[in-house]
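Data first, discussion second: the structure below is written as structure tokens.
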Amino acid sequence: MKIKYNEKNELDLPISRKLETNIETLQAIFSDWGDFVEKQFVLERENGSLGMYIIYIDGLTDNEMVERTITRPLLYEWRDTDIKKGFKAEVVSEDFDDGKSQDSGEKKVSVFERIFHHQTEAVDLVQKDTLMDAIACVLNGDTAIFIDGEDKALVLSTKRLPTRSVDSPKKEAGLKGPRDSFTENFRTNTALLRRRIKDPKMKEKQDYLGQRSRTVYGLMYMEDLVHPSLLAAIEKKLESFTIDSIFDSGMLVHLLEEKWYSPFPQIQTTERPDKAASAISEGRVVLVVDNSPEVIILPTTLNTFFQAADDYYNRFAVATFARVLRYLAAYITILLPGLYIAITCYYPQVLPTEFLLAIVGARSDVTFPIVVEVLLMELLFELLREAGIRLPGQMGNTIGVVGGLIVGQAAVEASLVSTIVVIVVALTAIASFAIPNEEFSSTFRLLKFLLIILGAVWGLYGIMLGILVINIHLASLESFGIPYMMPMVSGSIDNELEYQDFIMRKPLFTMRKRPVYARRDNRTRFRRW
């Protein structure tokens, strides 16, 4: 039997009333599936036999739950239930009759309704009217039941997906605050958010992406806080493309960004449930993607990438000082190597005499030009960083630290680089680690090579030109209608409220209004009585 699919890789076949036709179709679809489990059996009743067909995927389904809630009640308790409750189940082609039979006075109930409402012991039991809907549920780990004479199927939630348990965050670790993080399980991630926000106004719109992967995603937001235009824009963007497969939220981020060529991330991701819950309470939208340990936060600004979760668990002075260090670290990461090249090559007279003599003495035996020296060490540290990420566990940390020390010392002794360059490159690497978002810090590590080249070609004029181009580019970015550089630009449209959580994080009791993401008529979040 040849199965035909439409352009969206979906079946256009209805569920047949003939059980044999459904069995033939499903066996053709799942042919050569070693993990496909099927069971066909016949229920013996007082007024005749009834055929049923159960299918599920081994490894995605809880087999014991299938037996406990479906097979055992249907096979072993069917006749006993008939006697105790006095049901007379009949196969009917129309909807079941709530009235009384004129002949016997007994309540006539279709077999489908009998099983749906009375026979099985499951709570999460739904009805599917198309074959594609039933198959999609089976591929998600559910169990489908087809009944002879019925043109619809019963689907029981029996998922037992292979997944890891909730662990502590790895990339966004902090000293204070919760220690849990998102996992690859979609329902676990939504539960972590529900655990923090117990408000019925937090909604979840669920759908899937990918014609082949059929990856489930959910839009979670506060109904009374989110701007309807923002929600509509996100939904329109998700519906604007068709793709074969989505395996992680990182793939979806690339499809949602407006200016894909920008090195700056225009969409924020996080592995911390408390950070995502805080974004929802501000009126932003969180996009949860199945099979991904990170969720997407929309919209975002440049300032949000400098914010860490434990900023709100520490005292405001400590949090403000930490943010100042992060902004300073960003400038050091992107500017320090280029400035070193520009000043030493074009403007050595601006340096103190003692410092200039120290640089000349350190470079007395080095044969490479300064720009080659800096590029060589920067590329070396980037290689060590990448090697440390790819190697497992403690070995990776050892390679990153010990390798940097050994290779740097060996390069100095071999007169390949000077000690001053090693210090500059090491300070740049340390500063990049101070930026709390890894994807954001990677942007600064990339742009520092641009400024190195500009500083080597045009000196300080090249550095100023590079900064100007970067600022113009940042001013042109926006994330779903929100300026990327807010509140540095467009701060006045929100009565300067965005500055309460900018470089300085004010005390929580003074942050009485929600940010610009929330509706203007529902901005108050703190009152003192």
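Rolling a 1.4 Å probe over the protein heavy atoms leaves V374 with an accessible area of roughly 0 Å².
Over 26 Å between Cα atoms, which of K39/K159; K236/K448; K203/K275 qualify? Table pairs above 26 Å Cα-Cα are K236/K448. Volume per residue for the stretch 412-523 equals 152 cubic angstrom (convex hull of Cα atoms).
How would the stretch 338-484 be classified by its alpha-carbon gyration tensor: rounded, prolate or oblate, with rounded meaning a/c under 1.5 and the a/b versus b/c comparison settling the rest? Present the calculation step by step, with values, prior to reporting the outcome.
Numbers: a/c = 2.62, a/b = 1.12, b/c = 2.34.
Judged from the Cα gyration tensor, the stretch 338-484 comes out oblate (a/c at least 1.5, b/c at or above a/b).
Counting protein heavy atoms only, the stretch 259-330 has 65 percent of its accessible area on carbon and sulfur, 1.4 angstrom probe.
How compact is the stretch 285-343 by the rule of thumb for globular proteins, expressed as Cα Rg over 2.2 N^0.38 Å? Mind dumping the intermediate values first?
Numbers: Rg = 16.2 Å, N = 59, 2.2 N^0.38 = 10.4 Å.
Here the answer is 1.57, to two decimals.
Computed with a 1.4 Å probe over protein heavy atoms only, the accessible area of K237 comes to about 40 Å².
Evaluate the stretch 271-313: find the radius of gyration of its Cα atoms, find its Kirkwood radius, and give the ratio Rg to Rh.
Numbers: Rg = 10.4 Å, Rh = 11.0 Å.
Ratio of gyration radius to Kirkwood radius: 0.95.
Order the following by accessible area, largest value first: T320, T510, T333. Probe radius 1.4 Å; ligands, DNA and RNA are ignored.
Working: T320 25, T510 60, T333 0 Å².
Result of the area sort, largest leading: T510, T320, T333.
Within the assembled protein chains, the solvent-accessible surface assigned to D12 is about 110 Å², based on a 1.4 Å probe.
Return the calculated 222 nm mean residue ellipticity for the chain, to the nearest 500 deg cm²/dmol, obtained by summing -39500 (n - 2.57) across DSSP H runs with n ≥ 4 and dividing by the residue count.
Working: 17 runs with 216 residues, N = 529.
Computed mean residue ellipticity for the chain: -13000 deg cm²/dmol.
Of all the C-alpha pairs in the stretch 220-363, what % are more than 24 Å from each other? Of all Cα-Cα distances in the stretch 220-363, 51 percent exceed 24 Å. Alpha-carbon geometry of the chain: the Rg and the Dmax are 31.2, 113 Å, given in that order. Accessible area per residue for the stretch 10-69 is 53 Å², calculated with a 1.4 Å probe on protein heavy atoms, without ligands, DNA or RNA.
For the stretch 274-362, report the accessible area per residue in Å² (1.4 Å probe, heavy atoms, rounded to an integer).
Working: 3370 Å² over 89 residues.
Accessible area per residue, the stretch 274-362: 38 Å².
Diffusion coefficient of the stretch 335-378 by Stokes-Einstein, Kirkwood radius over Cα pairs, 20 °C, 1.002 mPa s: 195 µm²/s.
The values are calculated or read from the model by the stated rules, or taken from the named source; none is laboratory data. All values reported here derive from a predicted model rather than from experimental measurement. Quick note on the areas: whole protein, heavy atoms, side chains included, nothing else; ligands and nucleic acids left out. Shrake-Rupley method; radii C 1.70, N 1.55, O 1.52, S 1.80 Å.
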